[in-house]
Every structure is written in structure tokens, then in C-alpha cells.
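> What follows is a single structure, and I will ask about it in a moment.
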Amino acid sequence: MNMEAKCPDCANILTNTHDDSTEIWKCSNCGWEVVTTYTPQIQQDTKDYEIFLMKNLSPEANQLRTLARISGLNFIETKRMLALDDSLLFKGNAVDILPIKTQLEQEDIEFRIMPNYNYEN
Ligand SMILES: [Zn+2]
């Protein structure tokens, strides 16, 4: 979070820490603090993202297997999809996209995500 919040008591800049479920705002000057529920930004992101494969991708057998699994297509349909100008591999929200993005990166498969996707594992 890049928001700068000020202490309601002394107007000092609050520090912000969180774990998976709790967020703590704390004033280092006077000790004021508040605990709130933390929702990771990725879970608040309700946009639909689309993963496209790079044009003229010629995947190796193991990569093709991965692409077929992600897209839910069989090998022949997957190859047909790869021949298209815009080979849409997958569409989903930010949370759905992350594991697929990670897998594609691990297997060295070139892709782009529309719109811009800013989450990392
Ligand atoms: Zn304070």
C-alpha cells in the first residue's frame, strides 16, 4: 500500500504492516494503533485479464502439454489456436491468472497479459 496515513492524535506518518489477514497502522511517535482486516490487493482486483501467446510460438512437446492443460483444449485444437494472430490462452481474474503466469514463466513460454498485470508470486 502506498497510501500515506497520518496519526489522528499527533499527525505523525503512520507505519503500515500486514500479514495474510490483518493490517496494523501504527504511530511511532505516540503509540496510537489500529488493527484492520487485510485484503490483498490482488483479491480486490475484479478486472478480467487475458493471456495471449506470442505469435509463431512453436512449443516443445512439454510446453504444448502445458498449454493444452491450461486452455482445456486437446493438442490439435491447441496447435490450431497457436496459428491464430491472437491466441487467447486463458481469461480470468487476477487471482486466477497468477498461477498460470508463474507456470508459463517457469516453462519459458512467451506470452503477454492484457491489460497490464502487476502481480508477482
Ligand atoms: Zn501519533
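Any read-out appearing in this document is the output of simple, stated calculations on the displayed coordinates, not a laboratory observation. Given the structure is predicted, the values throughout are model-derived calculations rather than measurements. Note that we place each Cβ from the backbone using ideal geometry, even for glycine, and neighbour counts take in every protein chain shown.
> Where the eigenvalues come from the Cα gyration tensor of the chain, what are the semi-axes √(5λ) of the equivalent ellipsoid, largest first, in whole Å?
Values for the chain, descending: 44, 12, 11 Å.
> How far is the Cα center of segment 1-37 from the Cα center of segment 64-91, in Å?
46
> Treat every Asp and Glu Cβ in segment 43-114 as -1 and every Lys and Arg Cβ as +1, leave all other atoms uncharged, and give the resulting dipole magnitude about the Cα centre to the nearest 20 debye.
Dipole size: approximately 180 debye.
> When we measure straight from the Cα of K101, which aspartates and glutamates land under 19 angstrom away, once same-chain ones fewer than 8 places off are left out?
D45, D48, E50, E60, D86, E110, E120
> Let me ask something else. What size of dipole, in debye to the nearest 20, comes out for segment 1-77 about its Cα centre when the only charges are +1 on Lys and Arg C-beta atoms and -1 on Asp and Glu C-beta atoms?
260
> Quick one: Karplus J couplings for segment 109-119, per residue in order, coefficients 6.51, -1.76, 1.60, θ = phi - 60°, nearest Hz, x for Gly and Pro?
Values per residue, Gly and Pro as x: 9, 7, 7, 9, 10, 10, x, 3, 10, 10, 9 Hz.
> Using alpha-carbon pairs under 8 Å, 6+ residues apart, how would you state the relative contact order of segment 43-114 in percent?
53
> In degrees, nearest 10, range 0 to 90: what is the angle between the Cα axis of helix 61-71 and the longest Cα principal axis of the chain?
60
> What residue among Q43, N74, N29 has its Cα farthest toward the positive end of the dipole of the chain, where the charges are +1 on Lys, Arg and -1 on Asp, Glu, each on the Cβ?
Of the options given, the answer is N74.
> So, one more: Which distance in nm do the two modelled labels at A83 and D20 give, with both placed 7 Å along the Cα-to-Cβ direction?
4.6
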